[in-house]
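Trainee: After the structure tokens below, expect a handful of questions from me.
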Amino acid sequence: MSVSRLQGTLDRGAIAVTAEIGPPRSCEVERLRAMARALKGSAHAFNLTDNQAANVRMSSIASSVICLQEGLEPVMQMTCRDRNRIAMQSDVIGASALGIRNVLCISGDHQTFGNHPQAKNVYDLDSVQELMVLRRLREGANWAGEPLAEPPQLFLGAAANPFADPFEHRVTRLAKKVEAGAQFVQTQCVLDLDRFRRFMALVVERGLHERVHILAGAIPLRSHKAALFMRDKVAGMSVPDEVIDRLRRAADPKEEGIRLCVETMQELVSIEGVHGVHITAIAWEDVVPRLVREAGLTP
């Protein structure tokens, strides 16, 4: 069975880099292709989000295939918000048939945050159960127990938030996802390095870093107002005052945000148990090659 580039990189112990691409809101295929070409070579794989923030966008499957055609390895995100277990299994089998190997299993932002707040959500399964269902597919049977003549080839990922409360339960939640089948984990963006180190110490103490590949999240901020927004409006974020003050005092906040992100990435990969970084440059994807280059993490 062939494995994805991301899985191969992590399994041989190398530092991996993933980054996020927000699919377009319409059929802007050429814009997505141009972005893929510009980002090629700057990460081992790229997340294609699944209607992020509950706003309608090009599907994660379609955008993953387009990126694959341009030579980028996709990480197809799949939310529990929009699919029941039948649709999940069908979409994953189809995605694998099209060459997509990496799948990130997440709950998804609630629809009330997006542009269709009256929509009905699904949540037939939660993200832990989603991992269990897709792991069984990979092992050769659907959730009803029926064998598959040709199972999908999957490298299963999950999300983890080291900063949500109660803090003590964060590692327990991660352990459940590992037991359910997660092979790699991408964390919430890290701006509070001290708290993240405490989280990773607990991860290492339980030996989870030997059972799952952990990619620590990094984000470039354009201004102190962006940092304030993340602190005050984004659930489960921890933004230290010194980060806000550093951006507020900067003569060029965008450049300072890039420097801060590069420094954070370099710190993250030095922490025991961290196997790579995941960059979320929201609507600022073109900065990713620079971040990776300056951090010394170019694949």
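Trainee: Do we find that ARG101 is within 18 Å of SER60 (Cα to Cα), crowded, with 16+ Cβ neighbours inside 10 Å and among the charged types (D, E, K, R) in this structure? Steps first, please.
Mentor: Details: within 18 Å of SER60 (Cα to Cα): yes; crowded, with 16+ Cβ neighbours inside 10 Å: yes; among the charged types (D, E, K, R): yes.
Answer is yes for this residue.
Trainee: Check region 50-72 and report whether any residue there is more than 27 Å from MET132 (Cα to Cα), touching a residue at least 12 places away in the same chain (Cβ under 8 Å) and of a type in the set (Asp, Glu).
Mentor: Yes, because at least one residue in region 50-72 is more than 27 Å from MET132 (Cα to Cα), touching a residue at least 12 places away in the same chain (Cβ under 8 Å) and of a type in the set (Asp, Glu).
Trainee: Looking only at residues that are part of a loop (DSSP other than H, G, I, E, B) and modelled with pLDDT under 95 in region 45-55, which one is nearest to ALA159 (Cα to Cα)?
Mentor: ASN51
Trainee: Could you grab the pairs with beta carbons closer than 7 Å, sequence gap of 6+ or different chains, first residue in region 1-17 and closer than 23 Å to LEU291 by Cα, second one part of a helix (DSSP H, G or I) and modelled with pLDDT of 95 or more?
Mentor: If the second residue must be part of a helix (DSSP H, G or I) and modelled with pLDDT of 95 or more, the pairs left are ALA16/LEU6; ALA16/THR9; ALA16/LEU10; VAL17/VAL292.
Trainee: When you look at LEU137, is it farther than 21 Å from GLN188 by Cα, among the hydrophobic types (A, V, I, L, M, F, W, C) and either touching a strand residue (DSSP E or B) at 6+ places or on another chain (Cβ under 8 Å) or not in a strand (DSSP E or B) (or both), yes or no?
Mentor: It is true that LEU137 is farther than 21 Å from GLN188 by Cα, among the hydrophobic types (A, V, I, L, M, F, W, C) and either touching a strand residue (DSSP E or B) at 6+ places or on another chain (Cβ under 8 Å) or not in a strand (DSSP E or B) (or both).
Trainee: Next question, about the same structure. Residues that are in contact with a Gly (Cβ under 6 Å, 6 or more places away or on another chain), buried (at least 21 other Cβ atoms within 10 Å of the Cβ) and not small (Gly, Ala, Ser): does region 222-236 have at least one?
Mentor: The answer is no; no qualifying residue exists.
Trainee: Could you check region 57-98 and list, in sequence order, the residues that are assigned to a strand (DSSP E or B) and either of a type outside the set (Val, Ile, Thr) or over 17 Å from the mean Cα position of the chain (by Cα) (or both)?
Mentor: Looking only at region 57-98, we keep the residues that are assigned to a strand (DSSP E or B), and these are 74-79.
Scanning region 57-98 gives PRO74, MET76, GLN77, MET78.
Trainee: In region 99-117, what count of residues is obtained for those that are without any contact (Cβ under 8 Å) to a residue 60 or more places away in the chain and not in a loop (DSSP other than H, G, I, E, B)?
Mentor: 4
Trainee: I need the full set of residues from region 146-168 which are part of a loop (DSSP other than H, G, I, E, B) and buried (at least 19 other Cβ atoms within 10 Å of the Cβ), in order please.
Mentor: Within region 146-168, PRO152, LEU154, PRO162, PHE163 meet the criteria.
Trainee: I need the full set of residues from region 243-282 which are touching a helix residue (DSSP H, G or I) at 6+ places or on another chain (Cβ under 8 Å), of a type outside the set (A, V, I, L, M, F, W, C) and buried (at least 19 other Cβ atoms within 10 Å of the Cβ), in order please.
Mentor: Result: PRO253, GLU256, GLY257, THR264, GLY273, HIS275, GLY276.
Trainee: Within region 230-281, how many residues turn out to be in a loop (DSSP other than H, G, I, E, B) and either over 23 Å from the mean Cα position of the chain (by Cα) or more than 23 Å from ARG198 (Cα to Cα) (or both)?
Mentor: The number of residues fulfilling the criteria is 4.
Trainee: Select from region 193-243 the residues that are free of Cβ contacts under 8 Å to residues at least 60 places away in the same chain and among the basic types (Lys, Arg) and write down the one among them that is farthest from GLY273 (Cα to Cα).
Mentor: My answer is LYS225.
The values are calculated or read from the model by the stated rules, or taken from the named source; none is laboratory data. Since this is a predicted model, take the numbers as computed values, not measurements. Don't worry about glycine lacking a Cβ; one is built from the backbone with ideal geometry, like all the others, and counts go over all protein chains shown.
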